[in-house]
Amino acid sequence: MAEEGDVLIDLNPQPGGNGADTAPVAGIITQYVKDLSVENPKAPDSFGWTDAPELDVQFNIAGRPVNDEVQEVTLRISVTAKMQQGTAYIVELAYCGLVGFRNMADKQIHAFMYAEAPRFLFPFARRVIADATRDAGFAPLVLEPLDFNAVYLQQLQAQQQAAAEAPAEGEG
């Protein structure tokens, strides 16, 4: 049973008794690669390097409104593989989804945009990263799954804690 504040995804909405569509609905409309950059700066020398690369993987999630009921969620993933001899490869991806919302509170929309939508987009972005590293001449990099909901909750908690610790206006 849904609790207050839960995000409900109704994939087959039925109009209300008066013909009004009042049920909260959220869903991915489409997804796409917005930007992809693959650099192989030391090729062909890097193909002979034998040590294991040190990976630096960075994630960023952004959102922007498209219209009253649609927002774009961007999952940015940056991967840099370095070895003792230098940088083997750099992959930067902006993978996006258009997310539709109807009859949802702002708090629910925010949670869906920054926790649920990235969870839906990640497997596809992960495949793009794996293909890009393979196509650059390296073993496919298959990123470990990420718990976007846990990260979202940690970020919210950190923001709330920072707000509580900040001096009130007019103090000091």
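The values are calculated or read from the model by the stated rules, or taken from the named source; none is laboratory data. The shown structure was predicted, so the numbers you read here are calculated from the model rather than taken from an experiment. Keep in mind that these areas ignore ligands, DNA and RNA; they rest on the heavy atoms of the full protein, side chains included. Shrake-Rupley method; radii C 1.70, N 1.55, O 1.52, S 1.80 Å.
Sorting E69, E165 on solvent-accessible area from highest to lowest, probe radius 1.4 Å, gives E165, E69. Given C-alpha coordinates of region 17-83, what is the ratio Rg to Rh with the Kirkwood estimate of Rh? We get a ratio of 1.26 for region 17-83.
On a per residue basis, region 57-143 carries 47 Å² of accessible surface, using protein heavy atoms and a 1.4 Å probe. Can you pull the percent of region 26-158's accessible area that's carbon plus sulfur, 1.4 Å probe, other chains left in place? The nonpolar share, carbon plus sulfur, comes to 50 percent.
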